[in-house]
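Enquirer: Quick one: the structure is below, and I'll ask about it shortly.
Taken together, the values in this text are just the output of simple stated rules run on the coordinates, not laboratory data. Remember, predicted model here, so these are calculated numbers, not experimental data. Quick reminder, even Gly has a Cβ in these numbers, built from the backbone with ideal geometry, and neighbours come from all protein chains shown.
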Amino acid sequence: MTEEGVEKVIIVTGGNGLVGSAIKTIVDTEEKLPNEKWVFLSSKDGDLSNKEQTKALFEKVRPTHVIHLAAMVGGLFSNMKHNLDFLRVNLSINDNVLHCSHECGVKKVVSCLSTCIFPDKTTYPIDETMVHNGPPHNSNFGYSYAKRMIDILNKAYHQQHGCHFTSVIPTNVFGPHDNFNIDNGHVLPGLMHKVYKAKRDNTKFEIWGSGSPLRQFIYSLDLARLFIWVLRHYEEIDPIILSVGEEDEVSIKQVAEHVIDSMGFKGEVIYDTSKSDGQFKKTACNNKLRKYLPDFKFTPLNQAIKETCDWFVKNYETARK
């Protein structure tokens, strides 16, 4: 045992972001075990793109397990402008975290990927075997290739050193503590912020694009519960998709309507079709997850959106935006 009966010291990189905050909430309210010490790291604790700072962090905390969430992230338009930056920074972060995990004898690492890593030209639904079957969508190829390389690193560390490094692939995540920036955030929190401002200022609610692209959304608290299950019980090196089912796929227009209802917005809604829609769909299959957890219940989308909108309104002054 490492200290005072604690057998696991679990680092969560990116610990104050959307998913990290959700994991902390679930650990504190539902899932904490007496043999686990959870350490939630943020960028204030060190720059994970810097090898020396990453090594110093690992030597200080001496983790036995790692949930790796830290990344340079952004929405569609930010990715389109800065593909090189997303590639270089994320390659550095991932290489440093996995290498330090190996050097420190970490027993298990669970990294977070994204459905954007899948090939742009593909058949649907996509599953875990299809990650490397072709180039990703050109809009965010830098971020996508950096995330794909985690899967390659996991397999290489396992083959050469026997490391138990694995990864999960969530679909579009949202929830409290998200980044609600309209220009650089993801679609759903961006819509929430736009509706909030349109209601406050008595202006039109403008949606970028046609509203027709399809997405599967997963509530951050549901994802947190699944992440903890993966850390404790999932033994494969190959990734696992964490997602609602194909039947729960919705259009951007549909989620915008949920946000409008949740915010009580009564004004005019317009679609700016001069803005890019991005990838039309990236439908993911959650059969592998259901094989392991056939009875897992996801929070209904309208309830999850309402809870997130309520959190955003309550925390507007301090929320990331």
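Enquirer: Pick from 274, 210, 114: which is most flexible by mean-square fluctuation in a GNM of the chain where alpha carbon atoms under 10 Å apart are linked?
Expert: 274
Enquirer: I'd like the projected area of segment 183-252, averaged over all directions, using the convex hull of its alpha carbons. Report it in nm² with one decimal.
Expert: That works out to 6.8 nm², a quarter of the Cα hull's surface.
Enquirer: Another question about this same structure. So, with +1 on the Cβ of K and R and -1 on the Cβ of D and E, and no other charges, what is the size of the charge dipole of segment 84-126 about its Cα centre, to the nearest 20 debye?
Expert: That gives a dipole near 160 debye.
Enquirer: Sticking with this one: Could you work out which residue, out of 221, 289, 91, moves most in a Gaussian network model of the chain, that is, has the largest mean-square fluctuation with Cα springs under 10 Å?
Expert: Residue with maximal mean-square fluctuation among 221, 289, 91: 289.
Enquirer: Set Lys and Arg Cβ to +1 and Asp and Glu Cβ to -1, take the dipole of the chain about its Cα centre, and tell me which of 92, 79, 283 lies farthest positive.
Expert: 79
Enquirer: Okay, moving on. Is the shape of segment 27-96 best called rounded, prolate or oblate, per the rule: a/c under 1.5 gives rounded, else a/b larger than b/c gives prolate, else oblate, with a ≥ b ≥ c the square roots of the Cα gyration tensor eigenvalues?
Expert: It is oblate, given that a/c is not under 1.5 and a/b is not larger than b/c.
Enquirer: At 7 Å along the Cα-to-beta-carbon direction for both residue 206 and residue 43, put a label point, then send me their distance in nm to one decimal.
Expert: 2.7 nm
Enquirer: Would you grab the residues whose amide H sits under 5 Å from the one on residue 242? Only those 5+ places off in sequence or on another chain, please, with H modelled 1.01 Å from N.
Expert: Here the answer is 169, 171, since their amide H atoms fall under 5 Å of that of residue 242.
Enquirer: Once you have the alpha carbon radius of gyration of segment 150-223, what is it after dividing by 2.2 N^0.38 Å, with N set to its residue count?
Expert: Taking N as the residue count of segment 150-223, the ratio is 1.62.
Enquirer: Using a 7 Å offset from Cα along Cα-Cβ at residue 35, what residues in segment 61-98 end up with backbone N under 18 Å from the label point?
Expert: 63-66
Enquirer: Ignoring everything except DSSP H segments at least 4 long, calculate the 222 nm mean residue ellipticity for the chain; use -39,500 (n - 2.57) per segment, divide by total residues, nearest 500.
Expert: Rounded to the nearest 500, the figure is -12500 deg cm²/dmol.
Enquirer: Reported to two decimal places, what Rg/Rh ratio describes segment 51-174 when computed on Cα atoms with Rh from the Kirkwood expression?
Expert: 0.98
Enquirer: Once you treat every alpha carbon in the chain as an equal point and sum by Debye, what is log10 I(q)/I(0) at q = 0.07, 0.13, 0.14, 0.16 Å⁻¹?
Expert: Result of the Debye calculation: -0.27, -0.96, -1.12, -1.46.
Enquirer: So, one more: What nm value, rounded to one decimal, do you get for the distance between residue 317 and residue 120 when each label is placed 7 Å out toward the C-beta?
Expert: For residue 317 paired with residue 120, the spin-label model returns 4.5 nm.
Enquirer: Would you kindly state how much longer the chain becomes between residue 236 and residue 85 on full extension, computed as 0.36 nm times their sequence separation minus their alpha carbon distance, in nm to one decimal?
Expert: Here the answer is 51.3 nm.
Enquirer: Taking 0.36 nm per residue of sequence separation and subtracting the Cα-Cα distance, how much length would be gained by fully extending the chain between residue 152 and residue 261, in nm to one decimal?
Expert: The span from residue 152 to residue 261 would gain 35.0 nm if fully extended.
Enquirer: Along the positive direction of the dipole of the chain (beta-carbon charges: Lys, Arg +1; Asp, Glu -1; about the Cα centre), which of 134, 300, 239 reaches farthest?
Expert: 134
Enquirer: If you don't mind, there's one more thing I want to ask. State the Cα centre-to-centre distance between segment 168-182 and segment 295-321 in whole Å.
Expert: 10 Å
Enquirer: How many percent of Cα pairs in segment 97-169 exceed 16 Å?
Expert: Of all Cα-Cα pairs in segment 97-169, 49 percent lie more than 16 Å apart.
Enquirer: DSSP loop (so not H, G, I, E, B), at most 13 other Cβ within 10 Å: list which trypsin sites (Lys or Arg not before Pro) in segment 185-265 pass both filters.
Expert: Here the trypsin sites (Lys or Arg not before Pro) that fit, given the DSSP loop and packing criteria, are 204.
Enquirer: Let me ask something additional. When the chain is treated as a GNM, springs tying every alpha-carbon pair under 10 Å, which of 180, 58, 165 comes out with the largest mean-square fluctuation?
Expert: 58
Enquirer: If you don't mind, another one. Which residue, chosen from 274, 146, 12, occupies the Cα position most advanced towards the positive end of the dipole of the chain, where the dipole is computed from +1 (Lys, Arg) and -1 (Asp, Glu) charges on Cβ about the Cα centre?
Expert: 274
Enquirer: Taking the Cα centre of the chain as origin and charging only Cβ (+1 Lys, Arg; -1 Asp, Glu), how large is the dipole, in debye to the nearest 20?
Expert: For this selection, approximately 380 debye.
Enquirer: Name the longest site-free stretch of the chain, where the excluded sites are GluC sites (Glu not before Pro) in a DSSP loop with no more than 10 other beta-carbon atoms within 10 Å.
Expert: The segment 5-234 is the longest one with no such site.
Enquirer: What's the extension gain from residue 269 to residue 306 if we count 0.36 nm per residue and subtract their Cα-Cα distance?
Expert: Roughly 11.4 nm would be gained on extension.
Enquirer: Let me ask something else about it. Apply the Karplus parameterisation 6.51 cos²θ - 1.76 cosθ + 1.60, with θ equal to phi minus 60°, to every residue of segment 120-127 and state each ³J(HN,Hα) to the nearest whole Hz, in sequence, with x for glycine and proline.
Expert: Result, rounded to whole Hz: 5, 9, 7, 9, 10, x, 7, 9.
Enquirer: State to the nearest 20 debye the size of the charge dipole of segment 108-212 about its Cα centre, where the only charges are +1 on K and R beta carbons and -1 on D and E beta carbons.
Expert: The dipole of segment 108-212 has a size of about 200 debye.
Enquirer: Moving on to the next point. Each residue of segment 306-311 in order: what ³J(HN,Hα) in whole Hz does its phi give by Karplus 6.51 cos²θ - 1.76 cosθ + 1.60, θ = phi - 60°, with x for Gly and Pro?
Expert: So the Karplus estimates, Gly and Pro as x, are 4, 5, 6, 4, 4, 4 Hz.
Enquirer: Out of the DSSP beta bridges found with both residues in the chain, what percent are antiparallel (nearest 5)?
Expert: Counting DSSP beta bridges with both partners in the chain, the antiparallel share is about 10 percent.
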